[in-house]
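Q: My questions will all concern the structure given below.
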Amino acid sequence: MECERCHAMMLEEAFEDVRADSWNIGFHGWRCPVCGNVLDPVILENRAVLSRVMGSGARRRHNAQAL
């Protein structure tokens, strides 16, 4: 996988989300060793949802409001 920001090769990595409560959540993602960009399945899914929403006309409404 190539980094969207700097185009370096991203490395697969195991991440741990340590919270103040008792939840300790681990997940796999990709990290760029050059710029630090991180991607994980949640980020990719959120981008896909946003892309579908924006493609359904929300982009046109948003742009019209900006004018």
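The values are calculated or read from the model by the stated rules, or taken from the named source; none is laboratory data. Here the structure is a predicted model, which is why all the values come from computation and not from measurement. Heads up, the Cβs are rebuilt from the backbone with ideal geometry, glycines too, and the neighbour counts pull from every protein chain shown. Just the protein is used for accessible areas: all its heavy atoms, side chains included, with ligands, DNA and RNA removed. Shrake-Rupley method; radii C 1.70, N 1.55, O 1.52, S 1.80 Å.
Q: At 0.36 nm per residue, minus the direct Cα-Cα distance, what do Leu11 and Ile25 gain on full extension? Give it in nm, one decimal, please. Write down the numbers at each step before the final one.
A: Numbers: separation 14, 0.36 × 14 = 5.04 nm, distance 1.98 nm.
Gain on stretching Leu11 to Ile25: 3.1 nm.
Q: What ranking of Cys6, Cys32 comes out by heavy-atom accessible area, probe 1.4 Å, highest first?
A: Listed by decreasing accessible area, they come as Cys6, Cys32.
Q: Quote the FRET efficiency, to the nearest 0.05, computed for Arg47 versus Val18 with a Förster distance R0 of 35 Å and r equal to the Cβ-Cβ distance.
A: The value I calculate is 0.90.
Q: Could I ask something else about it? For the residue pair Glu2 and Val34, what label-to-label distance in nm results when each label sits 7 Å from Cα along the Cα-to-beta-carbon direction?
A: The answer from the label model is 1.0 nm.
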